[in-house]
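Undergrad: Below you'll find the structure I mean.
The values are calculated or read from the model by the stated rules, or taken from the named source; none is laboratory data. None of the values given here were measured: they were computed from a predicted structure. A quick note on method: Cβ atoms are made from the backbone with ideal geometry, for glycine too, and the neighbour counts reach across all protein chains shown. Ligands, DNA and RNA are excluded from the accessible area calculation, which covers all protein heavy atoms including side chains. Shrake-Rupley method; radii C 1.70, N 1.55, O 1.52, S 1.80 Å.
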Amino acid sequence: LHSAIETRDSSVIGQLGWPDMRLPLVYSMSWPHRLEMPYEPLDFAKLGKMTFMAPDRKKYPSLDLSYSAGRTGGTMTAVLNAANEQANEMFRNGEIGYLDIFKVIEKAMEAHKADLSLKPSLEDIVEIDGWARKFVKEQSKTKISK
């Protein structure tokens, strides 16, 4: 199971495939089209079973940030996404440490609470995306601490 969403009626829509992240990445890049892939079809009988466990929220604290942004809605999800993308880019460039990713995303979301818009326009979302990226960049110039 690569991804799943729960709808208001409690049904869950999932995207399943072999344990290879290339497929969901290709899907996200080619949507709404489907590309021919060099994979053998997923055989549920061969797979046998799938096992799920509760996520380790201490080990993956960003999961709670994601749930929080989703529950808050509005521009908070744009802040989460933009801050995450910027922080990950900065980590890959050696500008911040791995554990700083969560911290700067959390700071960006906290700082955005005062300016939250629950019914944003596309212009609002684009503007807040830029704000979050700039905020994260500025955090790297200061000592990042919780």
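Undergrad: Please calculate how many Å² of accessible area the chain carries per residue, with a 1.4 Å probe and no DNA, RNA or ligand atoms counted. Intermediate results must be reported in sequence, preceding the final value.
TA: Working: 10930 Å² over 146 residues.
Result: 75 Å² per residue.
Undergrad: Across the range 100-105, in residue order, what do the Karplus-derived ³J(HN,Hα) couplings come to in whole Hz, using 6.51 cos²θ - 1.76 cosθ + 1.60 with θ = phi - 60° and x for Gly and Pro?
TA: Karplus-based 3J(HN,Hα) across the range 100-105 equals 6, 4, 4, 4, 6, 5 Hz.
Undergrad: Using each residue's phi in the range 67-75, evaluate 6.51 cos²θ - 1.76 cosθ + 1.60 at θ = phi - 60° and report the 3J(HN,Hα) Karplus result to the nearest Hz, with x for Gly and Pro.
TA: Karplus-based 3J(HN,Hα) across the range 67-75 equals 4, 4, 4, x, 5, 5, x, x, 6 Hz.
Undergrad: Using packing as a proxy for protection, rank 125-138, 86-99, 29-42 so that the peptide with the highest average count of other Cβ atoms within 10 Å comes first. Spell out each step's value before the answer.
TA: Values: 125-138: 18.0, 86-99: 15.0, 29-42: 8.4.
By packing density, highest mean first, the sequence is 125-138, 86-99, 29-42.
Undergrad: May I ask you to compute the full-extension gain from Arg22 to Leu1, defined as 0.36 nm times their residue separation minus their alpha-carbon distance, rounded to one decimal in nm? Display every interim value, and only then the final one.
TA: On the way: separation 21, 0.36 × 21 = 7.56 nm, distance 1.33 nm.
Length gained, Arg22 through Leu1: 6.2 nm.
Undergrad: So, in Å, what gap is there between the alpha-carbon centers of the range 1-39 and the range 40-58?
TA: After rounding, the separation between the Cα centres reads 14 Å.
Undergrad: Got a number for carbon plus sulfur as a percent of the range 16-146's accessible area, 1.4 Å probe? Kindly include the intermediate steps, with their values, before the conclusion.
TA: Numbers: 5520 of 9630 Å².
Carbon with sulfur: 57 percent of the solvent-accessible area.
Undergrad: Here is a follow-up. With the Cα gyration tensor of the chain in hand, give its eigenvalues times 5 under a square root as the equivalent ellipsoid semi-axes, listed largest first in whole angstrom. Write down the numbers at each step before the final one.
TA: Numbers: eigenvalues 198, 71, 57 Å².
They are 31, 19, 17 Å, listed largest first.
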